[in-house]
1. Within region 22-56, how many residues are under 17 Å from G100 (Cβ atoms) and part of a helix (DSSP H, G or I)?
2. In this structure, does S39 turn out to be free of Cβ contacts under 8 Å to residues at least 24 places away in the same chain and either among the hydroxyl-bearing types (S, T, Y) or in contact with a helix residue (DSSP H, G or I) (Cβ under 9 Å, 6 or more places away or on another chain) (or both)?
3. Suppose we filter region 31-46 for residues that are closer than 25 Å to K130 by Cβ and buried (at least 16 other Cβ atoms within 10 Å of the Cβ); how many remain?
4. Tally time: how many residues in region 64-120 are more than 21 Å from T4 (Cα to Cα) and aromatic (F, W, Y)?
5. Checking R59 against (1) in a strand (DSSP E or B); (2) in contact (Cβ under 8 Å) with a residue 60 or more places away in the chain: exactly one of these is not met. Which one?
6. Within region 99-124, restricting attention to residues that are surrounded by 14 or more Cβ atoms within 10 Å (Cβ to Cβ) and among the small types (G, A, S), which residue is farthest from K161 (Cα to Cα)?
7. Which members of region 9-30 meet the condition of being free of Cβ contacts under 8 Å to residues at least 12 places away in the same chain and either in contact with a Gly (Cβ under 8 Å, 6 or more places away or on another chain) or buried (at least 17 other Cβ atoms within 10 Å of the Cβ) (or both)?
8. R151: free of Cβ contacts under 8 Å to residues at least 12 places away in the same chain, over 13 Å from the mean Cα position of the chain (by Cα) and either crowded, with 16+ Cβ neighbours inside 10 Å or under 26 Å from S53 (Cα atoms) (or both), yes or no?
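The values are calculated or read from the model by the stated rules, or taken from the named source; none is laboratory data. Only a predicted model underlies this, so the values are computations on that prediction, with no experimental measurement involved. In this analysis, Cβ positions are derived from the backbone assuming ideal geometry, glycine residues included, and neighbour counts consider all displayed protein chains.
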Amino acid sequence: MVKTYLKKPDYGDLKFIRRLWSDPPTMKEVGGTVVLTDSQAEQWYHKMITPGSSGHCYRIILNKDFQPVGEVSFHDYDDNSGKARFNVKILADCRGSGYGKSAIYQLLDYFFNRRGGMIMEDYLALNNDKGREVLIKFGFQWDQTRKDVVRLFLTNKDFNKLYPSSFEH
């Protein structure tokens, strides 16, 4: 598997995050671009990163040359249920290189095995075929009772069955 690094962003990384979110090819399947003003970017940074909160974990994905290629995160962690919402985005021109799988594994290993999470779920637009394909291939299951969105989920038990601790990432 390709080597990636996950980095907790510093304030200077907002430039990359804003570029990622405002890139039309990258954001097409997830509802379109998000353009933040300086004030909005600063508010987001303080909510998610510093000081942040225990319910959120956001990381920038770096390639082997330590260049940013995407983001991976979980949000809204609930201590009672052990559930959180998943997110991953890879720059459109960097897709197909294995960055996503490596980053997904690292974040989920942290979530399930160090954080004690029980269920990771993601809600995708009905037309986000590529996102659905990637997550199902990774091991997420599709809750087909939902007709308004594609709800995918992965349990702690299933993750550890699919990816034992000896898994190379």
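1. 6
2. Considered against the rule, which asks whether it is free of Cβ contacts under 8 Å to residues at least 24 places away in the same chain and either among the hydroxyl-bearing types (S, T, Y) or in contact with a helix residue (DSSP H, G or I) (Cβ under 9 Å, 6 or more places away or on another chain) (or both), S39 comes out as yes.
3. Of the residues in that region, 1 qualify.
4. 1
5. Failing condition for R59: (2).
6. The extreme case among them is G100.
7. P24
8. Judged against the criteria, R151 is not a match.
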